[in-house]
Structures are given as structure tokens and as C-alpha cells.
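The values are calculated or read from the model by the stated rules, or taken from the named source; none is laboratory data. Quantities reported herein were computed from a predicted structural model and do not represent experimental measurements. With ideal geometry, Cβ positions are generated from the backbone for all residues, glycine too; neighbour counts draw on all protein chains shown. Note: accessible area is taken over every heavy atom of the protein model, side chains too, but ligands, DNA and RNA are not part of it. Shrake-Rupley method; radii C 1.70, N 1.55, O 1.52, S 1.80 Å.
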Amino acid sequence: MGWRLESDAVARHGVAQLLFWSAFYYLLPALLPHLVEGGADIGLLSPAITIAVLVWAGLTPLAGRLVDRGHGVALMRWGGVVGALLLVAMQIVPLALLPIVIAAMGMAMAATLYDPCFAILLRTPQIAASPAITKVTLIAGLATLLTFPMVMLLSAVWPWQAVALSFAAIALLGVVANPDLGMGRSTTAPSPRSGVSVPGVIETALVALPFGLTMFSHAALLFLLPLALLRLDSGNGWALYLPTVLGPAQIAGRLLWRRYAPVDNTKAAASVLFVLFLLPPLLLLALQAHWAGVLLALLLQGGLYGVHTVLRPLVAATVWPSDTLGQAIGTIAMIGLLMMAAGPALGGWLWQGTGYDGLIITLLAVNAAAFGGALILQFTPRGGALWTRS
């Protein structure tokens, strides 16, 4: 009976993440063209989405601290309610105030998306964290397949306001789906004088920077590669369709991780992951004029990034003690999200200044730096300078 209860709880977390990602994240780019057609200013909406990601990043450590204090379930449920109310507010406020509502959506993202869920799973003794996180991301990875077709179908018969209201209902379904089984509550209160040495700035950097650097390079590729390849393809347009393989490739990568994941050496797995991240930019440099080579590079990039999402909290759990794990995961996520937000802008500047080859070479160097950081972390013993616990 216990294993069934655990399995049901993890599945409900997965469904909740699927609904939250659809309503609070993917809805924004899917709905953006309809908002512009309805009279909203794209010059204000695009920065508002960026601000929402920055708000999300800034609040993730706070969300993690709330999980550490045993408030994870309440955080995610109230975050879902706030996000639903913001989607309702999009229909009420004047168009001039719509960017403010969108920017505020970052609060719901920080409270509900992945990182607080991962922290809850990692802090729940009866849950096997690695398969549980993999299962959650497999379910949530279907969010793009839910969001974009649904927006297309609904917007064919309803105005965008009704579409937003439909996703507010989806967010509330996510609130209902989110389980409450005491998960994420500490069995013992944190005791700062108990001999636990909480990792500091160096430890944070060694975990956060490798994952953050690859989030930067992934975001730059996602937004700029179609435009860059479109020029190389003389405007024929095939490049615009290639990035669609990234989503299915992420799911495939997580399935492979679920099948072959190492049981007790996630830091070594991270080193392997980051060295493999060198392959996509190398392929894009060597085979940039061949669609099959570009497709292979994107399939690898998507599959590796799918594993990246699962592995990030698991590596954090090997460095931080459990009573500060939520805040640690939030801090790592904050750094990664800030780098992800900078990816398209800095990548665009690099592309304009150095061309396609310069952009890809720079991203290769970024991924190499991530691999170097992962190696340093791997060969730092758990009982050494980075980890002290009596």
C-alpha cells in the first residue's frame, strides 16, 4: 500500500506540474500573437515576459526557504491560486496595464514550477528522489503539446480573454492535483548549532554555474539558431521547423535517464552530461550547411537538456544538508534562470558582432567551462572542504 501511495503522490505532482507549466509559462508565448492582434503593444509585452522570468528567479530562494520550513504544499497551492487570479485579471485590466499583470506572473512561477516540487520530493524520506523527479518531468514535459494546440483551437472560436480564463481553470486543476501527504515537511526542526556546516559561496558556484552556463547556451540556441540557419539556408525556411524536435528529445533523454541512471554517483553523471554538451556546438560548426547534421545536434541538445533538468536537484542533494536543501535548490535555480534570461540578448549581440561561427564557438567555450566546473565538483570529496557535517 505504501508504494502505491508514493506512486500516486508522484503522479499527482507530475500532473500538477504539467498544468502549472501550461498555464503560467507556455501560455505566454502561445498567447502573445493573439494579444498583439487584440491591440496590446508587443514592445511592452516582450519586456514584461522577461521581467516575469527575473521575478521568478529572484523569488526562488525564498520559495526554497518556505519548503525547508515545511510550507511547501501550501506554497504551491497558494501560488497556483495567485497565478489563476492573475490570468483572470488579464481580462479585467486595461491593455496598458496588461504588462504589469504578466510581469507579476513570475510570483506564480517561483511558487509552483519544478524547483519547489523537486525540493519537496527530495525532502520526503519515503520518496525515491531520482525516479520520482524523472517521472514528474516526463509528465510535465508534455506541457507544450497541451498548451500550443489548445491555444490554437480555442482562439479559433473564442477571444484571447476566454482562452486566458480557460487556462486559469487549468491552473486551479493543478492546485487540486497537487498532493498533500505531509510531503516536504521536516521530521526535525533545523538546528543551526547541531554541527551542520551549510555550504557557502564557493559550493553554490560549483553547483550552480555548470548548470546555469548550459541554461545560457540552451536559451541562446533556442532563440537564435533558427534565425542564423535561415540565413545560411538562403531563406528557404526549413530551419524554422528544426527546433520543434527539442521538446520530444527532452522526453527521450529523460526516458533514457530513467532506464540507465546511476544509483549513487550523480556528480560523475553530471561530468559525463557536461562533456556530452560539447557535441551539439561541435556538430553545428562542422555540419552547419547540412540539415541532417543540424537535426542531430538539436536532438542531442534536447536529450541532454532533458537530463539536465532532472540531474540539477539531485546533484544539489549531494552537497547540501537536507534542512537547507530547498533554499539551495532555489538559489541554484535563480542563478540558472538569470543566465537563461541573458542567453538570447547576449547571444544576439555575439551573433551580430562575430557571425554564426563566432556565436557557436562562444557557446562551445561556455559549455567547456561548465564541464570544467563539473569536474572540480566531482573530485571534491564529500567529506572534504565543501562538506562538513558532524
Which residue, 305, 114, 356, tops the fluctuation ranking in a GNM of the chain built on C-alpha contacts under 10 Å? 356
With every protein chain in place, the stretch 325-378: carbon and sulfur % of accessible area (1.4 Å): 74 percent
For the stretch 288-329, using Cα atoms only, the Rg and Dmax in Å read 16.3, 51
When the dipole is taken about the Cα centre of the chain, and only Lys, Arg (+1) and Asp, Glu (-1) are charged at their Cβ, what size is it in debye, to the nearest 20? 840 debye
GNM on the chain, C-alpha springs below 10 Å: top fluctuator among 272, 157, 81? 157
Amide H contacts of residue 124 (H built 1.01 Å from N, under 5 Å, at least 5 apart or other chain): 184
At a 1.4 Å probe radius, carbon and sulfur cover how many percent of the accessible area of the stretch 1-134? 71 percent
Short version: ³J(HN,Hα) in whole Hz for each residue of the stretch 93-108, in order, from phi by Karplus 6.51 cos²θ - 1.76 cosθ + 1.60 (θ = phi - 60°), x for Gly and Pro, what are they? 6, x, 4, 5, 9, 4, x, 5, 5, 5, 4, 5, 4, x, 5, 5
Would you work out the charge dipole size for the stretch 2-95 about its Cα centre, treating the Cβ of every Lys and Arg as +1 and the Cβ of every Asp and Glu as -1, and quote it to the nearest 20 debye? 320 debye
Which one of 362, 260, 297 has its Cα pushed farthest toward the positive end of the charge dipole of the chain, where Lys and Arg give +1 and Asp and Glu give -1 at the Cβ? 260
Report Rg/Rh for the stretch 1-136, rounded to two decimals, where Rg is the Cα radius of gyration and Rh the Kirkwood radius. 1.05
Among 247, 317, 13, which residue has its Cα positioned farthest towards the positive end of the charge dipole of the chain, with +1 placed on the Cβ of Lys and Arg, -1 on the Cβ of Asp and Glu, and the dipole taken about the Cα centre? 317
Give me the 1.4 Å probe accessible area per residue for the chain, excluding ligands and nucleic acids, in Å². 43 Å²
Computed over the stretch 41-82, Cα set: Rg, Dmax in Å: 13.4, 42
Only one of the listed values, [x] 32, 28, 19; [y] 50, 26, 20; [z] 33, 27, 23, was derived from the coordinates as semi-axes √(5λ) of the Cα gyration tensor in Å; which label is it? [x]
Cα convex hull of the stretch 307-349, projected area averaged across orientations, nm²: 3.3 nm²
